[in-house]
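Here the structure is laid out as structure tokens; the discussion comes afterwards.
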Amino acid sequence: MTAQRLLFFAVATTATSLLLGCAAAPPQDATETTATEATLHHEVPPGELDEYYAFFSGGQSGEVRVAGFPSMRVLKRIPVWNLDSATGWGITNESKAMLDGMVTGDTHHVHPSYADGTYDGKWLFVNDKANNRLARIRIDTLEVDATLNIPHTQGTHGVFPQRAPTTEWVVLNSEFRSPFENEGEGDMLDASSYGGVHTIVDAESMEIAGQVTTPVNLDLAATDYSGRYSFATSYNSEGGATISEMLAADRDYLVVFDWQRIKAALASGDYRTVDGIPVLDGSEGTGLTAYIPVPKNPHGVNVSPDGNYAVVCGKVSPTVSVIDINILADVFAGTIDPADAVVAEPEVGLGPLHTTYDGRGNAYTSLFIDSQIVKWNIQRAIDLQASPQEGETPVVDRLDVHYQVGHTMASMAETKDADGRYLLSLNKISKDRFLNVGPLKPENDQLVDISGEQMVLLADHAAYVEPHDVTIVRRDLIEDKVVHRVRLEDHPDAVTQSSVERIGNRVIARMTATAPVFGLQEVEVNEGDEVTFIVTNTDEIPDLAHGFALSNYGIQFIVAPFETKSVTFIADKPGVHWIYCTTFCHALHLEMRMRLVVRAR
Ligand code: K7E
Ligand code: CUA
Ligand code: CA
């Protein structure tokens, strides 16, 4: 048992009466999987393209990574909440305007926008758990175009776009129960007044449409396939502030939000307004929510591609709960008990965290403690719940993964077009699977062929910490949407003629960059001037970028074809400072430079 496993296990057992006694149960047929031949391959030969795009959250890096899939070749890192000196993210005026002064973030979940239950190729949405923000990435440029602070929340974790008819709303959950108006007043140590928040964001305007408050915390998020419900797992129904308090109850909740009722309340003005935001009370009994009891400290909630079931992982229970979405209307109508929406609770193994699907009726659940992906049949689980049979299980197969898997995701599995071909197991710990690189080792994203009855491991891929989640999107849904270059006029300050303008102690240098020359050869300013450089790459050849590095000032960025970027700084270092192009654009690239001359006061 690894230290991590021991730690997790200790936490799970000390504070709970729910015995994980089945810990001794060995994996059923982990060894047999090697007998099956893989029918899919991860190699993509030179000159050929991948079949899928994979969009990874970047975790502590605060970025989003785009990989070709199944090759897993990382094609692009999209800076989101981080400083990126290559692209100048966090340095240019355009990016600073979106970062609100904070260049750290913790991205956990990245999801594309939808139309009719599949991806529409417009946007990606990604959270910042650390600073409670949402970012929107345009798919046509694969760059961030809007960000939003989510007030009244902490631990902004689960995020999911509306799946049908189109993504008008995006929901976010706040994992950490906190004071709603967190302004340092009252008895802040009394956690009983804290709460969770389900924030609804208008996807187009990137404004908050409303916030639904709950007494419990809200962790992972999902939406249904009809546009009526969103879901949040809650592991802290106890309202605790310490780990033992949060583990006190045997059951917590899946909280269901009824959008019909929320829309009606928003339309009728049935809410209070705080900081300009409509705030709705989502407590039990208000009619806006249903609290479905599920075993102990649940984590992931994932909706099956047929739209029928929401599967909730038990985390410290060895079970998953299958919720029948089609009977939720009866729960909201008050004709059946919330607990009756749970139609199966199959035992799958230790530490279930997340579930994905093959579109053929099977679910694949990640087991953190057991380090396995377990494949089980949803209908079989429901049938066995209705009429249990001795020795029968809905489990179809188990695959050992290396090691401690968090999220798992199958190709297209978050859409109605789940194709059941590839699965990725995002393992937190790689131990000895790669060359040793010191105390902080890479993670191990393992590629699995799920096209047959049994799962077959295809490849290990090292990943820099810590991609939590991934969405795997068919190439035809993305590729045609991505442009080779932007339009010059997309930036209001794009220039085709270079010039220097002086207004008092402000200097604005507007200049072109065309291989191998900048449109200006020198700019003279006085010490203390506020200087703005606006740089337009006027080379229209796709893939021909220029860089702008200002020596000694900590300023550099890349400008792609027809892009415009700007930077503003105080010229506080007198002397001659070379500005040079940082990307090898031409045989005379090294000569592509100019001087900033700062006269001492
Ligand atoms: Cu399970 Cu933030 Cu999706 Cu990590 S969360 S694993
Ligand atoms: Cu332009 Cu190098
Ligand atoms: Ca709990």
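The values are calculated or read from the model by the stated rules, or taken from the named source; none is laboratory data. A quick note: this is a predicted structure, and the numbers were derived from the prediction, not measured. We place every Cβ from the backbone using ideal geometry, glycine too, and count neighbours over all the protein chains shown. When the accessible area is computed, the model is the full protein with side chains, heavy atoms only, and any ligands, DNA or RNA have been set aside. Shrake-Rupley method; radii C 1.70, N 1.55, O 1.52, S 1.80 Å.
Scanning for something over 30 Å from D120 (Cβ atoms) and of a type in the set (D, E), does the range 189-209 turn up at least one residue?
Yes, there is a match, as at least one residue in the range 189-209 is over 30 Å from D120 (Cβ atoms) and of a type in the set (D, E).
Any idea which of (1) in contact (Cβ under 8 Å) with a residue 60 or more places away in the chain; (2) of a type in the set (A, V, I, L, M, F, W, C); (3) crowded, with 21+ Cβ neighbours inside 10 Å is the one A67 doesn't satisfy?
Of everything listed in (1) in contact (Cβ under 8 Å) with a residue 60 or more places away in the chain; (2) of a type in the set (A, V, I, L, M, F, W, C); (3) crowded, with 21+ Cβ neighbours inside 10 Å, A67 misses just condition (1).
Does A146 satisfy the condition of being in a strand (DSSP E or B) and open to solvent by 10 Å² or more (accessible area, probe 1.4 Å)?
On the way: in a strand (DSSP E or B): yes; open to solvent by 10 Å² or more (accessible area, probe 1.4 Å): yes.
Here the answer is yes, as A146 does meet what is asked.
May I ask you to verify whether E453 is modelled with pLDDT of 95 or more, away from ligand 1 (no atom under 15 Å from the Cβ) and closer than 27 Å to Y235 by Cα?
On the way: modelled with pLDDT of 95 or more: yes; away from ligand 1 (no atom under 15 Å from the Cβ): yes; closer than 27 Å to Y235 by Cα: no.
So E453 fails the test.
Before we move on, is A97 modelled with pLDDT of 95 or more, surrounded by fewer than 23 Cβ atoms within 10 Å (Cβ to Cβ) and part of a loop (DSSP other than H, G, I, E, B)?
Working: modelled with pLDDT of 95 or more: yes; surrounded by fewer than 23 Cβ atoms within 10 Å (Cβ to Cβ): yes; part of a loop (DSSP other than H, G, I, E, B): no.
So A97 does not fit the description; no.
Pick from T582, T536, T514: which is more than 26 Å from G90 (Cβ to Cβ), of a type in the set (S, T, N, Q) and touching a residue at least 24 places away in the same chain (Cβ under 8 Å)? Before the answer, list the steps.
Details: T582 fails: more than 26 Å from G90 (Cβ to Cβ); T536 fails: more than 26 Å from G90 (Cβ to Cβ).
The conditions single out T514.
Applying the selection to the range 351-397, what residues are touching a strand residue (DSSP E or B) at 6+ places or on another chain (Cβ under 6 Å), of a type in the set (A, V, I, L, M, F, W, C) and in a loop (DSSP other than H, G, I, E, B)?
F368
Could you grab me the full set of residues in the range 109-122 that are within 27 Å of V465 (Cβ to Cβ) and surrounded by fewer than 24 Cβ atoms within 10 Å (Cβ to Cβ)?
H109
What number of residues in the range 42-64 are open to solvent by less than 90 Å² (accessible area, probe 1.4 Å) and either touching a helix residue (DSSP H, G or I) at 6+ places or on another chain (Cβ under 7 Å) or aliphatic (A, V, I, L, M) (or both)?
So the count comes out to 7.
Please work out if T39 is at pLDDT 90 or above, of a type in the set (S, T, Y) and surrounded by fewer than 20 Cβ atoms within 10 Å (Cβ to Cβ).
Criteria met by T39.
Here are the criteria: (1) away from ligand 2 (no atom under 12 Å from the Cβ); (2) more than 36 Å from the chain's Cα centre (by Cα); (3) buried (at least 16 other Cβ atoms within 10 Å of the Cβ); (4) outside any strand (DSSP E or B). Tell me which single one V523 does not satisfy.
Looking at each condition in turn, V523 falls short on (4).
Give the residues of the range 422-441 that are within 21 Å of L353 (Cα to Cα) and either away from ligand 1 (no atom under 16 Å from the Cβ) or of a type in the set (F, W, Y) (or both), sorted by residue number.
Y422, K431
Looking only at the range 311-365, count how many residues are among the polar types (S, T, N, Q) and over 23 Å from D417 (Cα atoms).
4
Listed here are the residues, each with its yes/no results for (1) surrounded by 14 or more Cβ atoms within 10 Å (Cβ to Cβ); (2) away from ligand 2 (no atom under 16 Å from the Cβ); (3) modelled with pLDDT of 95 or more; (4) closer than 26 Å to R138 by Cα.
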{"residue": "P492", "(1), (2), (3), (4)": "no, yes, yes, yes"}
{"residue": "F548", "(1), (2), (3), (4)": "yes, no, yes, yes"}
{"residue": "F562", "(1), (2), (3), (4)": "yes, no, yes, yes"}
{"residue": "K565", "(1), (2), (3), (4)": "yes, no, yes, yes"}
{"residue": "D572", "(1), (2), (3), (4)": "no, yes, yes, no"}
{"residue": "V576", "(1), (2), (3), (4)": "no, yes, yes, no"}
{"residue": "V598", "(1), (2), (3), (4)": "yes, yes, yes, no"}
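Of all residues in the range 404-420, count the ones that are crowded, with 24+ Cβ neighbours inside 10 Å, of a type in the set (A, V, I, L, M) and away from ligand 1 (no atom under 14 Å from the Cβ).
Adding up the residues that qualify gives 3.
Which condition number does D275 fail, the rest of (1) within 22 Å of P151 (Cβ to Cβ); (2) among the acidic types (D, E); (3) touching a strand residue (DSSP E or B) at 6+ places or on another chain (Cβ under 8 Å) being met?
Among (1) within 22 Å of P151 (Cβ to Cβ); (2) among the acidic types (D, E); (3) touching a strand residue (DSSP E or B) at 6+ places or on another chain (Cβ under 8 Å), D275 violates only (3).
Would you mind telling me which numbered condition in (1) farther than 30 Å from S430 by Cβ; (2) assigned to a strand (DSSP E or B); (3) in contact (Cβ under 8 Å) with a residue 60 or more places away in the chain R502 fails?
Checking R502 against (1) farther than 30 Å from S430 by Cβ; (2) assigned to a strand (DSSP E or B); (3) in contact (Cβ under 8 Å) with a residue 60 or more places away in the chain, the one that fails is (3).
Taking into account only those residues within the range 426-457 that are in a loop (DSSP other than H, G, I, E, B) and touching a helix residue (DSSP H, G or I) at 6+ places or on another chain (Cβ under 9 Å), which is nearest to ligand 3 (Cβ to nearest atom)?
Looking at the filtered set, the residue picked out is K428.
So is D187 open to solvent by less than 30 Å² (accessible area, probe 1.4 Å) and assigned to a loop (DSSP other than H, G, I, E, B) or not? Before the answer, list the steps.
Working: open to solvent by less than 30 Å² (accessible area, probe 1.4 Å): no; assigned to a loop (DSSP other than H, G, I, E, B): yes.
For D187, the condition - open to solvent by less than 30 Å² (accessible area, probe 1.4 Å) and assigned to a loop (DSSP other than H, G, I, E, B) - is not met.
From the set of residues in the range 424-454 that are acidic (D, E) and open to solvent by 10 Å² or more (accessible area, probe 1.4 Å), which is farthest from A413 (Cα to Cα)?
By that ranking, first place goes to D432.
Can you tell me which of S321, S317 is part of a loop (DSSP other than H, G, I, E, B) and either open to solvent by less than 40 Å² (accessible area, probe 1.4 Å) or in contact with a Ser or Thr (Cβ under 7 Å, 6 or more places away or on another chain) (or both)? Spell out how you get there, then give the answer.
Values: S321 fails: part of a loop (DSSP other than H, G, I, E, B).
It is S317.
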